[in-house]
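Structure first, commentary second.
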Amino acid sequence: MSDSEILLKAAINRIAARITENVINSAQEFTEITEELPQKLQNEWSKFKEEVIEESERLEKKANASKDKSSKERVSKEDLIQIQIDNLRSKVIEINKDIEG
């Protein structure tokens, strides 16, 4: 074998060795990823469920606060109406007294 053939064969052997090493490393990394994936998915799913629960609680509190506010406004409006009715009644009573008197 000539020097150039030996050099070419050495280069091919080193390239093959590097490719094999990279494939083995990639396979190991892939194996590690696939082993960790179910746990990562479970963690993400749990975190998502917690976020949904927190958001639903936030929305419920917001809705309840809105209901409370509208109830208070309704009571205030009802109180105002009752005050107006009472004022009108007192005026009617005064007018009746003036007419009778």
For this session: Could you count how many Lys pairs in the chain have their Cα atoms under 23 Å apart, skipping same-chain pairs fewer than 8 positions apart?
Result: 12
Problem set entry | Listed residues 1, 16, 99: farthest to the positive end of the dipole of the chain (Cβ charges) | 99
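Counting Lys and Arg as +1 and Asp and Glu as -1, what is the net charge of the other residues whose Cβ lies under 12 Å from the Cβ of residue 53? Mind showing how you got there, number by number?
Numbers: positive: 47, 49, 58; negative: 50, 51, 54, 55, 57, 60.
Net charge around residue 53: -3.
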Problem set entry | Accessible area of segment 1-75 belonging to carbon and sulfur atoms, whole % at 1.4 Å probe | 58 percent
For this session: With a 1.4 Å probe and every protein chain left in place, work out the accessible area per residue of the chain in Å², rounded to a whole number.
Result: 96 Å²
For this session: Pick out which of 43, 64, 22 has the largest mean-square fluctuation in a Gaussian network model of the chain, springs linking Cα atoms closer than 10 Å.
Result: 22
For this session: Using mean projected area of the Cα convex hull in nm² as the read-out, say which of (i) 7.7; (ii) 12.2; (iii) 5.6 was calculated from these coordinates.
Result: (ii)
Problem set entry | Selection from 52, 80, 38 lying farthest towards where the dipole of segment 34-101 points positive, charges on Cβ | 80
Exercise. Once fully extended, how much extra length lies between residue 84 and residue 16, figured as 0.36 nm per residue of separation less the alpha-carbon to alpha-carbon distance?
Worked result: 14.8 nm
Seminar exercise, completed: To the nearest 20 debye, segment 1-73 has a Cα-centred charge dipole, built from +1 on Lys and Arg Cβ and -1 on Asp and Glu Cβ, of 340 debye
Seminar exercise, completed: Full extension between residue 48 and residue 29 adds, at 0.36 nm per residue less the Cα distance, a length in nm of 4.2 nm
Seminar exercise, completed: The ³J(HN,Hα) series, computed from each phi in segment 80-89 with the Karplus coefficients 6.51, -1.76 and 1.60 at θ = phi - 60°, rounded to the nearest Hz and given as x for glycine or proline, is 4, 4, 4, 4, 4, 4, 4, 4, 4, 4
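The values are calculated or read from the model by the stated rules, or taken from the named source; none is laboratory data. Bear in mind that the values here come from a model prediction, so they are computed numbers and not experimental data. As a convention, Cβ positions derive from the backbone with ideal geometry for all residues, glycine included, and neighbour counts pool all protein chains shown. Please note that ligands, DNA and RNA were not included when accessible areas were found on the heavy atoms of the full protein model with its side chains. Shrake-Rupley method; radii C 1.70, N 1.55, O 1.52, S 1.80 Å.
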